[in-house]
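For reference, the structure is listed below as structure tokens.
The values are calculated or read from the model by the stated rules, or taken from the named source; none is laboratory data. What you see is a predicted model, and the numbers here were worked out from it, not measured in a lab. Here the Cβ positions follow ideal geometry from the backbone for every residue, glycine too, while neighbour counts run over all protein chains shown. These accessible areas exclude ligands, DNA and RNA; they are computed on the full protein's heavy atoms, side chains included. Shrake-Rupley method; radii C 1.70, N 1.55, O 1.52, S 1.80 Å.
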Amino acid sequence: MNGLIVMQGETYEEERKQSLLQTAIFDRSGARNFSWEYMNDLVPGDLVMHYVKGQIKALSVVKEPTHIVTDEAGQKKYRAKVTYTDLERPLDIAPLFENIRPLLPEKYAPFQQDGSGNSGYLFPIHVELTLYLIKQLRIVVEDQLIQPTLLEETSNLTVSLLGKLRDWQTAFIAQRDEFLQQRRLDALTEHTNCAICGAAFAPLLDVPFIKAPEKCIQEERLDKYNALVLCHNHHMLFKEGLVTMNDKGQLLVSERLVDEQYALGLYEGQQVMLVKEQKKYVKWHRNQVFQSI
């Protein structure tokens, strides 16, 4: 089960009427568009949020895998059948964007840094952003139940939607937790010690992402090399950007820890065991998180 945002604009009404998602396979020059190609990754049960003119206007669930059709003009298109659920009160993105911005990946984000929608059609979003948007939708729907309009008061759609949101929220949380548990198990099977101090007592070990998961594309998030086994103390220092590594795998310690580093078992320049596949993620951490002073 995945979360996605689809940018529909003028195509929304027609696609909603036909209960589908649809986009061309090739553009006018014969090239493929990355956001169109994500249609191939849809699986039944995926949750799609429909973005139209600054708002999440509807939600849908994918009912069957994408297939290729030829339209009346002879153009080949990707098409997937979905079930739409309209929102009586669409969710405005602009008031929420300062909270959304930190949750956007560096590549292939559905929104630009000014809050407007990116050019494209379909954008996978990671579980943190999916859960944040579901939470905001729940707030809107629960407000409808507390302070309904005359029209909403006679509608069962609001109650039904709240139940669906709760179910989706529960499912995404369970899926996230299962993924993190399996990720931890896999990492600790290969590496049984803290990479910095060598502590080997499993209950004291964490498996943080090297590159923050909310900044990752899906492939980076799932990559087993985007992980580092650290004890609790060194995990928190790494998370706060007080330690990192250089390209040679040597420990770098923030000047903020100059009086504490030896008590914390930190020695500038000590070797941390890294493999080459981890180094691109360590470089991101060093450039984006590490606080040298």
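For the range 13-52 and the range 72-129, what is the centre-to-centre distance using only Cα atoms, to the nearest Å? The distance from the Cα centre of the range 13-52 to that of the range 72-129 comes to 11 Å. Its Cα centre serving as origin, the chain has a Cβ charge dipole (Lys and Arg +1, Asp and Glu -1) of approximately 600 debye.
Gain in length, ARG184 to ALA24, computed as 0.36 nm per residue apart minus the alpha-carbon separation, to one decimal in nm?
53.6 nm
Helix 127-146 and the longest principal axis of the C-alpha atoms of the chain enclose an angle of approximately 50°. Principal-axis analysis of the Cα atoms of the chain puts helix 157-190 at an angle of about 30° to the longest axis. Put simply, when 160-173, 278-291 are sorted by average Cβ atoms within 10 angstrom per residue, most first, you get 278-291, 160-173. Label positions at LYS63 and LYS17, each projected 7 Å from the Cα along the C-beta direction, are separated by 1.8 nm. At q = 0.10, 0.15, 0.16, 0.19 Å⁻¹, what is the log10 ratio I(q)/I(0) for the range 166-293, with the Debye formula run over Cα points and no solvent? Those come out to -0.32, -0.70, -0.79, -1.07, one per q. In the range 60-190, the inverse of the mean reciprocal separation of distinct Cα atoms equals 17.8 Å; this is its Kirkwood hydrodynamic radius. The sum of -39500 (n - 2.57) across all DSSP H runs of n ≥ 4, divided by the residue count of the chain, sets its helix-only mean residue ellipticity at 222 nm to -10000 deg cm²/dmol. The coefficient of translational diffusion for the chain, derived via Stokes-Einstein from the alpha carbon Kirkwood radius under 10 °C and 1.306 mPa s, stands at 74 µm²/s.
Counting only protein heavy atoms and a probe of 1.4 Å, the accessible surface of the chain is 52% carbon and sulfur.
For the chain, the longest principal axis of the Cα atoms and the long axis of helix 276-288 meet at an angle of about 80 degrees. Comparing VAL207, VAL69, VAL52 in a Gaussian network model of the chain, where Cα atoms under 10 Å apart are tied by springs, the biggest mean-square fluctuation is seen for VAL69.
Taking all protein chains as shown and a probe of 1.4 angstrom, LYS215 keeps an accessible surface of around 50 Å².
Solvent-accessible area of ARG32, all protein chains in place: 130 Å² (probe radius 1.4 Å, heavy atoms, ligands and nucleic acids excluded). Across ALA212, ALA187, ALA263, mean-square fluctuation computed from a Gaussian network of the chain (C-alpha pairs under 10 Å connected) peaks at ALA263.
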